[in-house]
Amino acid sequence: QYEACPFCNKVKAFLDYYDIPYKVVEVNPISKKEIKWSDYKKVPILMVDGEQLVDSSDIIDKLGNKILPEKSTDSIPDDEEKKWRRWVDSHLVHVLSPNIYRNAAEALESFDYITSNGNFSFTEKLTVKYAGAAAMYFVSKNLKKKYNITDERAALYESAETWVDALNGRDFLGGSKPNLADLAVFGVLRPIRYLRSGRDMIEQTRIGEWYTRMETAVGESSRIKA
C-alpha cells in the first residue's frame, strides 16, 4: 500500500469494520521495490492464503462474498449502494489529489504523513518526501485539467455535500449501519481527514457528523503491527 492512497484506505476501512486482521507493507512510491515481485504494479495488492487480489472494489467484492451475511431487511436496495460505490471510484477519488497536493506546503504536509509510515531509511524518507511532493504537485495540476476541476476546494466541498444529500437524513447510507458505500467514502476520506484539506472540508461542509459516526462504527484498526 501507500499510506495516503485512497484505494488502499478503502480496503482498510472494510477490513477494520469487519475486524479482519491484516498486515501492511508500505511501498516506496519512488522505487516501488516492495512490489517488484508482482506483475501488477499498482496498489493495493492484497494477499489472501497465497492468492493475489488487486483493484480495491474487486478486493472488497470478493471478500464481501465470503464474509457478509445476507442483506438485512432494513438495508437499501443494492443498486443505490452500487451507484455510490461507483461515484467514489469515478468522481470522489479524483477530487482528492488536487486538494492534498494543491500547493507546495500541502504537498509537503501530505508526504510528511506518508513518510511517517513504512520502513523507509532516513535517505529514502528525504527522497520520497521532496521528490514525491514535487512530482505529485505537478501531477495534481494535470488531474485538475483532466477532470475539469477549476477550484479544487469547491469541488471537494461540493462532493462532501453531495454525499450528505444522498444520506437523506439517515445515519448511514446503509440505514442503521454502514454499507459498502459508506465504507468506501469513509475509507478514501480517512487519509486526508487531518491534513489541511480534510480539516477545511469538515469545517466548511455538513459531512462532519456522518464522519464521526463512521469513526465510531468502524472502530479501532484491525491491522497487525509488524
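The values are calculated or read from the model by the stated rules, or taken from the named source; none is laboratory data. Keep in mind the model is a prediction, meaning the values are calculated, not measured. When we count neighbours, we look across all protein chains shown, and the Cβ atoms used for this are built from the backbone with ideal geometry, even at glycine. SASA here: full protein model, heavy atoms, side chains in, ligands and nucleic acids out. Shrake-Rupley method; radii C 1.70, N 1.55, O 1.52, S 1.80 Å.
Rundown of residues vs (1) of a type outside the set (D, E); (2) open to solvent by less than 20 Å² (accessible area, probe 1.4 Å), yes/no style:
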{"residue": "R170", "(1), (2)": "yes, no"}
{"residue": "A184", "(1), (2)": "yes, yes"}
{"residue": "R193", "(1), (2)": "yes, no"}
{"residue": "Q204", "(1), (2)": "yes, no"}
{"residue": "E209", "(1), (2)": "no, no"}
{"residue": "E215", "(1), (2)": "no, no"}
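Cβ-Cβ distances below 6 Å connect the following pairs, each with a first residue in region 145-159 that is closer than 11 Å to H94 by Cα, a second residue that is small (G, A, S) and surrounded by 13 or more Cβ atoms within 10 Å (Cβ to Cβ), and a separation of six or more residues or different chains: I149/A155.
Only one of the listed residues (A166, A217, A184, A134) is of a type in the set (G, A, S), in contact with a Pro (Cβ under 8 Å, 6 or more places away or on another chain) and part of a helix (DSSP H, G or I). That residue is A217.
Of the residues in region 118-126, at least one is farther than 30 Å from G219 by Cα and of a type in the set (A, V, I, L, M). Take the conditions under 23 Å from C8 (Cβ atoms), over 16 Å from the mean Cα position of the chain (by Cα), open to solvent by less than 80 Å² (accessible area, probe 1.4 Å) and not β-branched (V, I, T) and apply them to F138. Does it pass? Here the answer is no, as F138 does not meet what is asked. Restricting V188, V164, V128 to residues that are within 21 Å of I20 (Cα to Cα), among the hydrophobic types (A, V, I, L, M, F, W, C) and open to solvent by less than 80 Å² (accessible area, probe 1.4 Å) narrows the list to V188. When Y157 is tested against (1) among the hydroxyl-bearing types (S, T, Y); (2) part of a helix (DSSP H, G or I); (3) over 20 Å from the mean Cα position of the chain (by Cα), only condition (3) is not met. Small (G, A, S), touching a Pro at 6+ places or on another chain (Cβ under 6 Å) and within 25 Å of D55 (Cβ to Cβ): does that describe S159? It is false that S159 is small (G, A, S), touching a Pro at 6+ places or on another chain (Cβ under 6 Å) and within 25 Å of D55 (Cβ to Cβ). The residue of region 187-214 that is farthest from A105 (Cα to Cα), among those that are in a loop (DSSP other than H, G, I, E, B) and among the hydrophobic types (A, V, I, L, M, F, W, C), is I207. Out of V139, V188, V164, V128, one residue alone is in contact with a Leu (Cβ under 7 Å, 6 or more places away or on another chain) and among the β-branched types (V, I, T). It is V188.
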